[in-house]
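Each reported figure results from applying straightforward, stated rules to the coordinates on display, with no laboratory input. Just so it is clear, the structure is predicted and the values come from calculations on it, not from any experiment. Positions of Cβ are backbone-derived with ideal geometry, glycine not excepted, and every protein chain shown enters the neighbour counts.
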Amino acid sequence: MKKILVTVSQAPDGTFWCHTESDVYGGGLNGAGNTVKDAKEDLTACLEEARQDFIEAGGVPYEVEFDYKYDLQSFFEYFSFLNITDIARRAGINPSLMRQYVSGVKNAGEKTYARLSACMSAITKELQAATF
């Protein structure tokens, strides 16, 4: 199985884009949509088309698994059930500033991304440890 990193980001026109960071079946793949879900579905359709072209050219297909890397806007659009204010507080970021990052009014720096990544890792561990 070949793991492929996919970057998911919001374009200036408000649409969302997915693009592979490496070649799959001989080329890069892209998907677009009005939501992250739509963009992921478009990327999957693109993958299937590339796979079929690869087979028709005599290639032996292989399994592909996507790992997604999100910008802030696409992350909170896709995981809309997460509360932006609470996550900002957990990460030690001003909630108002966080909402500006998520809406695209301001851009978060590397330190902010690092704090959010650490916060999300902690939340992930908490959720994995929870039972009921």
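Details
- Spin-label model, K69 to A45: label points 7 Å out along the Cα-to-beta-carbon direction sit 2.7 nm apart.
- Segment 1-74, relative contact order in percent, only Cα pairs under 8 angstrom and at least six apart counted: 39 percent
- Prolate/oblate/rounded label for segment 70-132 (Cα gyration tensor, a/c 1.5): prolate
- Magnitude of the charge dipole, segment 36-132, Cβ model with Lys/Arg +1 and Asp/Glu -1, debye to 20: 960 debye
- Reachable lysines, given that their alpha-carbon falls under 30 Å from the alpha-carbon of K3 and they are not under 8 places away in the same chain: K37, K40, K69, K111, K125
- FRET efficiency for Y113 and D23, using Cβ-Cβ distance with R0 set to 30 Å, rounded to 0.05: 0.70
- Where both bridge residues fall in the chain, DSSP classifies roughly 60% of the beta bridges as antiparallel.
- Radius, Kirkwood style, for the chain when every pair of distinct Cα atoms is counted (Å): 16.4 Å
- Projecting the Cα atoms of F76, G28, A11 onto the charge dipole of the chain (Cβ charges, centred on the Cα centre) puts F76 farthest toward the positive pole.
- The chain, relative contact order in percent, only Cα pairs under 8 angstrom and at least six apart counted: 21 percent
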